[in-house]
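Input: a single structure, listed below in structure tokens.
The values are calculated or read from the model by the stated rules, or taken from the named source; none is laboratory data. What you are looking at is a predicted structure, and each value in this text was computed from that prediction instead of being measured. With ideal geometry, Cβ positions are generated from the backbone for all residues, glycine too; neighbour counts draw on all protein chains shown. When the accessible area is computed, the model is the full protein with side chains, heavy atoms only, and any ligands, DNA or RNA have been set aside. Shrake-Rupley method; radii C 1.70, N 1.55, O 1.52, S 1.80 Å.
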Amino acid sequence: MNENLSLGRIAGIHVGLNWSLLVVAALIAWSLATGILPSAAPGQASGAYWTAGIVSAFVFLASLLAHELAHSVAAMRRGVKVEGITLWLFGGVSRFSTDTSSPGATALITFVGPLTSLLLGAVFYLVAVAVGGGAHPGLPAVTLAWLGYINISLGVFNLIPAFPLDGGRLLQSLIWLRTGDRLRATHIAARIGMGFAYLLIAYGLATFLFAGSLIGGIWSVFLGWFLLSAARAEETGSMIRQALSGISVADVMTQNPVQAPDDISVDEALHGYVLASRHSTFPTHDAGGRLSGLLTLAALKNVAPDARATTHIRDIICPLDKVSTAGPADPVIKLLGVPEGCSEGRTLVVSGGQLVGIISPSDISRLLQGSLSGRSQVPVRGAR
């Protein structure tokens with residue numbers, strides 16, 4: 001679900017899309033223009049069907065965006081930090097960097113998405129009737145009716161009580177409300193989601209083997225596989241969040257890391273820092289003592305031996321704007337999933353404009369291993 005194209009910000013929320021969504025849009029336009037619309041409203045020119053199909057595909061994508069925006073706006077109004085929305089093959093994902101504090105808030109944030117799809121579907125149907133419903137509807141009415149059908153289908157499908165669909169999250173909220181245990185509620189809802197996924201996979205295989213429907217069978221198996229993987233990931237993520245609850249960045253970081261001036265040569269960095277230290281990465285500062293970036297061993301290795309004496313490390317460091325940063329009091333869970341990039345997954349810990357620590361992926365990995373196995377929650381520091 002990586003973002004390939006940024007669409008900007010809507011209501012203060014970053015929106016992007018994955019290339020797979022363009023494939024879906026093309027398939028929708030093709031199926032409408034060559035099959036659905038000519039059958040429902042015959043007698044039109046091919047260009048008219050293609051125009052209606054392409055417009056309908058983009059209107060449907062806008063409907064998907066409205067569904068996710070409803071989730072995100074409701075979350076923001078309840079104090080949940082929203083990182084953004086990514087539209088992709090199976091619809092969309094709203095990314096939240098903080099959790100809700102109550103089952104009621106979770107249920108409300110979840111329910112507004114399907115509700116938006118159902119309302120949009122009803123509106124499209126009403127407009128379809130108004131512009132030409134009846135025994136022989138025209139192309140505009142048929143197109144609007146299809147948009148109504150697909151949005152209502154989206155809303156109903158999302159209400160199936162199987163994690164990670166919205167219905168599964170509503171089920172999780174209900175169990176959380178009844179038991180008072182969020183982790184247990186997530187576990188139960190995820191298991192139900194896995195069961196639904198297995199049923200969908202079995203249905204797809206049966207459709208392919210006994211009904212001879214290749215496309216429908218493969219699509220059901222693929223969708224079931226995705227739901228199964230997502231449910232498992234949701235269960236694992238919940239366990240990780242529970243295990244890391246209450247642990248701060250300050251508990252994990254290597255304090256006061258060695259810094260290197262960014263005006264020295266690669267040769268000086270190798271002999272004066274890398275070979276003289278057990279660390280492989282070094283925060284750098286400029287002539288004024290201001291933090292300027294992160295020097296990694298990979299960057300040093302990329303410099304040809306005959307250029308090491310004349311190449312300054314400021315020319316090869318990972319710049320500060322591409323390095324993850326955090327405060328000592330931030331929850332360590334905030335650092336899960338920090339992209340590798342040129343910083344190789346490192347996070348610089350800054351307080352009052354000054355560097356006070358550094359965290360590496362191995363620090364996070366040891367923390368997770370210790371927490372999930374019941375050992376000490378704080379890993380041994382110092383490996384970078």
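Some notes on this structure:
- Whole-number percent relative contact order across the chain, with pairs defined as alpha carbons under 8 Å at least 6 apart: 10
- Stretch gain in nm, segment L89-A298, where the contour uses 0.36 nm per residue and the Cα spacing is subtracted: 71.7 nm
- Under 5 Å, built H, 5+ apart or other chain: amide partners of L294: T284, C318
- Candidates I316, I152, I201, ranked by Gaussian network fluctuation over the chain, Cα under 10 Å, top entry: I316
- Our coupling estimate for segment 60-66, obtained by passing each phi through the Karplus curve with A = 6.51, B = -1.76, C = 1.60 and θ = phi - 60°, is 5, 4, 5, 5, 4, 5, 4 Hz, Gly and Pro reported as x.
- Per residue, the solvent-accessible area of the chain (1.4 Å probe, heavy atoms of protein chains only, all protein chains present) comes to 50 Å².
- For volume of the Cα convex hull per residue in Å³, the value computed from the atomic coordinates appears in the list (i) 131; (ii) 166; (iii) 199 under label (iii).
- Pair T311, V156: separation of 7 Å Cα→Cβ label points (nm): 6.2
- Test item: Cα-centred dipole of segment 106-246, Lys/Arg +1 and Asp/Glu -1 on Cβ, debye: 300
- For V356, residues with placed amide H under 5 Å, excluding near neighbours: V349, V350, S351
- Degrees, to the nearest 10: 166-179 long Cα axis against longest axis of the chain: 70
- Annotation for segment 157-242: chymotrypsin sites (Phe, Trp or Tyr not before Pro) lying in DSSP loop with at most 12 further Cβ atoms inside 10 Å of their Cβ do not exist.
- Straightening the chain between A287 and L174 buys 34.9 nm, computed as 0.36 nm per residue apart minus the Cα-Cα spacing.
- Note on segment 80-193: with neighbouring protein chains present and a 1.4 Å probe, carbon and sulfur make up 68 percent of its accessible heavy-atom surface.
- In summary, the lysines within cross-link reach of K301, defined as a Cα separation below 21 angstrom excluding same-chain residues under 8 places away, comprise K322.
- Carbon and sulfur %, accessible surface of segment 296-360 computed with the full protein complex present, 1.4 Å: 52
- Efficiency of FRET from Cβ geometry, T51 and S213, R₀ 25 Å, rounded to 0.05: 0.25
- Spin-label pair R77-A130: with each label point 7 Å from Cα along the Cα-Cβ axis, the two points sit 2.4 nm from one another.
- Nearest 10 degrees, 0 to 90: helix 214-244 Cα axis against the chain principal axis: 40
- Residue (of A185, F60, L154) at the positive-pole extreme of the chain, dipole from beta-carbon charges: A185
- Using θ = phi - 60° in the Karplus curve 6.51 cos²θ - 1.76 cosθ + 1.60, the 3J(HN,Hα) couplings for segment 12-29 round to x, 10, 5, 10, x, 9, 8, 4, 4, 5, 5, 5, 4, 4, 5, 5, 5, 4 Hz; x is entered for Gly and Pro.
- Structure-based [θ]222 nm, the chain - -39500 (n - 2.57) summed over DSSP H runs of at least 4, per residue, nearest 500: -17000 deg cm²/dmol
- Peptides 318-325, 158-165, ordered by how many other C-beta atoms sit within 10 Å of their residues on average, highest first, read 158-165, 318-325.
- Principal-axis analysis of the Cα atoms of the chain puts helix 361-372 at an angle of about 70° to the longest axis.
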